[in-house]
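Notes follow once the structure below has been shown.
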Ligand SMILES: [Zn+2]
């Protein structure tokens with residue numbers, strides 16, 4: 001049964017036999033759930049989102065719009081309040097398809113990108129954002145690792161798994177842990193460069209200052225035999241390292257990384273000074289290939305990951321708003337270490353020469369030296385800064401107390417500032 005006939009059927013029957021239907025429905029659901037050992041909707045959601053009909057859900061294409069329609073219907077069925085700009089949808093345009101990292105948000109453009117947004121409003125003062133991107137690579141894209149001709153990239157793990165997880169959590173959180181509101185966002189444009197989450201944090205439909213923390217699920221459908229769940233971004237709030245060691249789910253062993261910058265949508269929230277975690281069951285041979293299919297999803301594993309995330313939310317239910325902390329990205333790799341920082345937030349999406357500053361921490365070295373948001377750092381001391389990587393590598397060359405000349409581009413001007421590391 002497809003979704004439309006299914007809903008029509010339910011409506012007709014509901015009018016006639018509502019009380020009976022409800023009792024039967026819940027019995028059927030429960031016994032099926034018991035038999036499977038997990039929420040059967042996880043399967044239904046992933047099967048549809050990763051079906052050939054959606055042609056790999058490429059941003060701006062028909063399959064992406066079908067996926068958005070499906071997610072908004074599911075949100076409606078779950079009773080979520082529409083929090084887009086047009087019901088559940090938040091549309092925006094991006095200019096240049098072939099140069100995603102140089103993309104600018106413009107009024108008229110080539111691609112319409114659509115976030116899908118719904119909320120559980122508990123009348124609380126803080127809101128937790130739970131997100132997952134629903135777009136993928138379509139038929140063929142520069143991000144594909146597939147070499148032999150055109151094929152649909154179904155993206156079952158990446159990231160139909162995260163979307164199904166988000167919808168499951170929306171069901172589970174209804175009427176539960178009510179000291180926060182819950183905002184669920186299906187992001188698009190992630191594969192092209194975090195477009196959806198970047199746009200949302202710059203055009204939020206809730207007060208971002210009231211956002212407590214953000215949980216991002218990107219690729220959570222392939223829990224391996226060892227049960228390794230990777231949680232990235234535990235350095236984005238001191239609270240994570242307090243809470244995470246206390247959470248136990250049978251069969252799951254957690255590996256954490258500190259950094260708030262990563263290749264998924266939590267990055268946009270981290271850069272907005274919101275504590276953010278990324279849940280991830282790890283890389284595999286089908287990553288960004290047409291073979292990332294539904295039949296390889298580990299549903300029992302997915303269910304365990306969701307149980308884990310639900311426990312995180314539960315543990316934080318009675319907490320005050322979490323404090324945000326800046327992370328040293330190098331920690332994420334566990335290789336580099338540096339003793340100094342400029343105290344700036346790099347623009348992760350900038351791909352020009354140098355390191356563009358997206359935010360300045362007050363009273364830190366860059367701020368004290370008069371460096372401004374929007375400046376592009378092109379030289380530190382005698383060394384050229386080519387991009388983020390080289391910026392981070394260079395930081396390891398300096399020590400607290402060192403004084404160096406930092407060269408920045410501000411518009412067309414090149415300015416030199418003396419920075420003292422603390
Ligand atoms: Zn992804």
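Restricting segment 145-164 to residues that are touching a residue at least 12 places away in the same chain (Cβ under 8 Å) and farther than 17 Å from residue 66 by Cβ, the residue that is nearest to the ligand (Cβ to nearest atom) is 158.
When segment 195-221 is filtered for residues that are under 17 Å from residue 159 (Cα atoms) and either within 12 Å of the ligand (Cβ to nearest atom) or free of Cβ contacts under 8 Å to residues at least 24 places away in the same chain (or both), the ones remaining, listed by number, are 196, 197, 216, 217, 218, 219, 220, 221.
Scanning segment 89-125 for residues that are more than 23 Å from residue 264 (Cα to Cα), more than 19 Å from the chain's Cα centre (by Cα) and modelled with pLDDT of 90 or more turns up 121, 122, 123, 124, 125. For residue 185, the requirement of being modelled with pLDDT under 95, within 21 Å of the chain's Cα centre (by Cα) and crowded, with 17+ Cβ neighbours inside 10 Å is not met. Yes or no: segment 165-172 includes at least one residue that is within 16 Å of the ligand (Cβ to nearest atom) and in contact with a helix residue (DSSP H, G or I) (Cβ under 6 Å, 6 or more places away or on another chain). Yes, segment 165-172 contains at least one residue that is within 16 Å of the ligand (Cβ to nearest atom) and in contact with a helix residue (DSSP H, G or I) (Cβ under 6 Å, 6 or more places away or on another chain).
Take the residues in segment 66-92 that are assigned to a helix (DSSP H, G or I) and in contact with a strand residue (DSSP E or B) (Cβ under 7 Å, 6 or more places away or on another chain), then tell me which one is surrounded by the most Cβ atoms within 10 Å (Cβ to Cβ). Ranking the qualifying residues of segment 66-92, first place goes to 71. All conditions but one from (1) modelled with pLDDT of 95 or more; (2) over 12 Å from the mean Cα position of the chain (by Cα) apply to residue 218; the one that does not is (2).
Determine which member of the set 192, 177 is within 15 Å of the ligand (Cβ to nearest atom) and not in a strand (DSSP E or B). Give the steps one after another, and end with the answer.
Values: 177 fails: within 15 Å of the ligand (Cβ to nearest atom).
When all the criteria are applied, what remains is 192.
Quick one: is residue 345 in contact with a strand residue (DSSP E or B) (Cβ under 7 Å, 6 or more places away or on another chain) and crowded, with 18+ Cβ neighbours inside 10 Å? Yes, satisfied. Cβ-Cβ contacts under 6 Å between residues 6 or more apart (or on different chains), taken from a first residue in segment 258-285 that is not assigned by TED's automatic domain parsing to the domain that holds residue 217 to a second residue that is within 12 Å of the ligand (Cβ to nearest atom), are absent.
The values are calculated or read from the model by the stated rules, or taken from the named source; none is laboratory data. The structure presented is a predicted model; accordingly, all values stated were derived computationally and were not measured. Ideal geometry is used to build each Cβ from the backbone, glycine not excepted, and the neighbour counts take in all protein chains shown.
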